[in-house]
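One structure is given here, and the rest of the page talks about it.
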Amino acid sequence: MLKKSNEELENEERRFESFINKTIIMSSKRYFKKEANTNRKEQFTIDDTLHPFACTFDSDFFSVVDDKLELNNAITVLSEIEQSVIFLLFFEDLSQEDAAQILEICSKSVSRIKVRALEKMKEYLKGDMEDGK
């Protein structure tokens, strides 16, 4: 049986942690790419005359769906690192410290990226509202 030194074990632990972090980042990138591709597909509106079942939903249902579509579109205007930060903080409900550790950046950077990303999304959504979407 081979015994490994503490240094070798620490190196393996760091490599494993790095592997896990990169896997999480790649998964979040694939998620956002999938969402972006879904949003690019032709969109349609539900017409009560063509879809009688639509009248069984209340207007709040459609409002929530519209809000989610708008948020997905707003997320696509963000850079990859901004998308990753938003995904980890709001979709995975991680703390800024945990997100910083996963992304291998400092928590202050996560905070700045979050503020910048939210501002971009706010401006995007404000533009949609002014355009009457």
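The values are calculated or read from the model by the stated rules, or taken from the named source; none is laboratory data. The shown structure was predicted, so the numbers you read here are calculated from the model rather than taken from an experiment. Note: ideal-geometry Cβ built from the backbone for every residue, glycine included; neighbour counts use all protein chains shown.
Residue-wise test of (1) under 21 Å from Asn21 (Cα atoms); (2) buried (at least 18 other Cβ atoms within 10 Å of the Cβ).
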site: Leu69; (1), (2): no, no
site: Ile75; (1), (2): no, yes
site: Glu82; (1), (2): yes, yes
site: Leu89; (1), (2): yes, yes
site: Ser95; (1), (2): yes, no
site: Glu104; (1), (2): yes, no
site: Val110; (1), (2): yes, yes
site: Lys114; (1), (2): yes, yes
site: Leu118; (1), (2): no, no
Task: Where a residue in region 81-109 is modelled with pLDDT of 90 or more and its partner, wherever it lies, is of a type in the set (Phe, Trp, Tyr) and part of a helix (DSSP H, G or I), with Cβ under 6 Å and at least six apart - done: Gln83/Phe32
Open item on the list: Could you list, ordered by first residue, the pairs with Cβ atoms under 7 Å in which the first is in region 17-41 and surrounded by 13 or more Cβ atoms within 10 Å (Cβ to Cβ) and the second is modelled with pLDDT of 75 or more and among the charged types (D, E, K, R), at least 6 apart or interchain?
Closed with: Asn21/Glu104; Lys29/Glu80
Open item on the list: Can you say whether Glu7 is surrounded by fewer than 10 Cβ atoms within 10 Å (Cβ to Cβ) and at pLDDT 75 or above, as far as the supplied structure shows?
Closed with: yes
Task: Test for Lys122: is it among the basic types (Lys, Arg), loosely packed, with under 15 Cβ neighbours inside 10 Å and at pLDDT below 95 - done: yes
- [ ] Might you let me know whether region 65-75 holds any residue that is of a type outside the set (A, V, I, L, M, F, W, C), assigned to a helix (DSSP H, G or I), under 27 Å from Ile102 (Cα atoms) and at pLDDT below 80?
- [x] yes
